[in-house]
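Take a look at the structure set out below.
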Amino acid sequence: QNIHLVAKWLSSLEKKLEQHSEGSHQDFRVFISAEPAPSPESHIVPQGILENSIKITNEAPTGMHANLHKALDNFNQDTLEMCTRENEFKSILFALCYFHAVVAERRKFGPQGWNRSYPFNTGDLTISVNVLYNYLEASSKVPYDDLRYLFGEIMYGGHITDDWDRRLCKTYLEEFIKPEMLEGELFLAPGFPLPGNMDYNGYHQYIDDALPPESPYLYGLHPNAEIGFLTQTSEKLFRVVLEMQPRDTSTGEGGVVTREETVKSLLEEMLEKLMDEFNIAEMMAKVEERTPYVVVAFQECERMNILTSEIKRSLKELDLGLKGELTMTSEMENLQNALFLDMVPESWMKKAYPSTASLGTWFADLLTRIRELEAWTGDFSLPSTVWLAGFFNPQSFLTAIMQTTARKNEWPLDKMTLQCDVTKKNREDFASPPREGAYVHGLFMEGARWDAQTGIITDARLKELTPAMPVIFIKAIPADKQDSRSVYPCPVYNTRQRGPTYVWTFNLKTKENPSKWVLAGVALLLQI
């Protein structure tokens, strides 16, 4: 029995255990079982009890092998025999177990696995199997579409809040549950065919004998996905170790570089490098026509002014605090900590754009963004190729491409879409912008790579996690002229965190089935 009992009772239990520790029977033991606490505040088991006990934890299984066995453990021989359509029922049940294991375990790959984390649970699987039983008993043909819809949009899909994750879930089901499964032609993963008709123990045995060793391939992902996820995990670990370091570091000569000195030199260097703010009134005066592009430039300059003035304000304030001319506040403390640990301060992040970079890289990137804006607002002519990642709001620039074309051709804006043609060239090869639309550079692909020779998406090379894309030509076309054959609708994100940093969808050409790239979590990133 799980005891969700309050802290008060636990402390009286601690006293009772102390009393009984002497004079009790030598075989007297107390067993306590508990669920993992959802947050540190819920850690209410007294330290005394923890220190004096032998602790055993039951970890959730990891890897496809353990997860697939565990999914199958929810059923037994009787389940397998309950349906009159035995063949169909068993095949779909096994495919559902694999699907269940995949969606649960794919979480470990971070944002390339799922954009957000979902609480898929055993109930989703057992209820889906009940639905399957009822549908098979009630219809003469296997209603594949209905089943996939119920599993993907309602049972499992009920947890899903992100459209790209919904597409992923749906794609798995389209690959696993289809008429071919009864013809013995279905592979749940490379080298793992859907088993034929077996008894319950036979299926467990089949998993042991036939399932290939754990690898990203079992999820439809490229092996690079694992490298990325392990790298990020170890970076997180090192960051925690760094944060736990003593605050002052000794140098070889026996002198001590204090934390204040480190922060002070960094602070002075930053203030020196930050340029004056953009004079927007002056800019407006020299612009003849407020085209959609000019409006975007103004918006970007305004956002940049807000950010740089916050950076200057907070740095100057901290400087006075370190000199002892102002009382240090908690906000100044936080800023000092961030500078010392090479992290972007919280108050700057709030006024900036999504980024996962450390402070040094972030600040260098900020200066590049300012230079790009200066070059563009010098005469407001569109750069020959535009650095899409340099915007606070890349969507506004992409929308401006559509607005410009719509005005020129007198087309309604809501009937338009963007077409992306990946060129074979890099930014150095372009001397002027296109007549219509824009060339954009600085994008990266994650999960696959672009083959410039053949002009299609292809498998990534091992250890090349985010290969750079060539320049992309983006122009606006009427939506009904769009070619949707053999394209993969590829999401574009600001950072590797994906999810809420979504920007746009670019249709990219593919010879292979687009579902392959969906399962591989292929996306374009503006920064890595």
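The values are calculated or read from the model by the stated rules, or taken from the named source; none is laboratory data. Keep in mind the model is a prediction, meaning the values are calculated, not measured. Counting neighbours? That spans all protein chains shown, and the Cβs are built from the backbone with ideal geometry, glycine included. When the accessible area is computed, the model is the full protein with side chains, heavy atoms only, and any ligands, DNA or RNA have been set aside. Shrake-Rupley method; radii C 1.70, N 1.55, O 1.52, S 1.80 Å.
Observations on the structure shown:
- Among the residues making up the range 434-454, those that are part of a loop (DSSP other than H, G, I, E, B) and either closer than 21 Å to Val386 by Cα or aliphatic (A, V, I, L, M) (or both) are Pro434, Arg435, Glu436, Gly437, Gly442, Leu443, Ala448, Ala452.
- Residues of the range 462-491 that are assigned to a loop (DSSP other than H, G, I, E, B) and touching a Gly at 6+ places or on another chain (Cβ under 7 Å): Leu465 alone.
- Residue check for Tyr293: assigned to a helix (DSSP H, G or I), surrounded by 12 or more Cβ atoms within 10 Å (Cβ to Cβ), outside the structural domain of Leu366 (by the TED database) and at pLDDT 90 or above: no
- Elements of the type helices (runs of 4 or more DSSP H) sitting completely within the range 155-274 and holding at least 3 residues that are over 22 Å from Arg496 (Cβ atoms), assigned by the TED database to the domain that holds Ser117 and open to solvent by less than 60 Å² (accessible area, probe 1.4 Å): these cover 163-176, 200-210.
- Qualifying positions in the range 114-154 - free of Cβ contacts under 8 Å to residues at least 12 places away in the same chain and either in contact with a Lys or Arg (Cβ under 6 Å, 6 or more places away or on another chain) or open to solvent by 50 Å² or more (accessible area, probe 1.4 Å) (or both): Ser117, Asn121, Asn130, Asn134, Ala138, Ser140, Lys141, Asp145, Asp146, Tyr149, Ile154
- Residue within the range 469-477 that is at pLDDT below 95 and touching a Lys or Arg at 6+ places or on another chain (Cβ under 8 Å) present: no
- Among residues of the range 319-336 that are of a type in the set (A, V, I, L, M, F, W, C), those with a beta-carbon under 9 Å from a residue that is open to solvent by 90 Å² or more (accessible area, probe 1.4 Å) at least six positions away or on a different chain give the pairs Leu335/Glu346.
- Output for the range 452-480, where each listed residue is out of contact with any strand residue (DSSP E or B) (no Cβ under 7 Å at 6 or more places or on another chain), loosely packed, with under 13 Cβ neighbours inside 10 Å and without any contact (Cβ under 8 Å) to a residue 60 or more places away in the chain: Gln453, Thr454
- Members of the range 504-520 that are open to solvent by 10 Å² or more (accessible area, probe 1.4 Å) and either outside any strand (DSSP E or B) or touching a Pro at 6+ places or on another chain (Cβ under 6 Å) (or both): Thr505, Asn507, Lys511, Glu512, Asn513, Pro514, Ser515, Lys516, Val518, Leu519
- Picking from residues in the range 92-113 that are farther than 18 Å from Glu153 by Cα and among the aromatic types (Phe, Trp, Tyr), the one that is surrounded by the most Cβ atoms within 10 Å (Cβ to Cβ) is Phe94.
- Answer residue from the range 66-91, given it is open to solvent by 70 Å² or more (accessible area, probe 1.4 Å) and part of a helix (DSSP H, G or I) and is nearest to Arg106 (Cα to Cα) among those: Lys70
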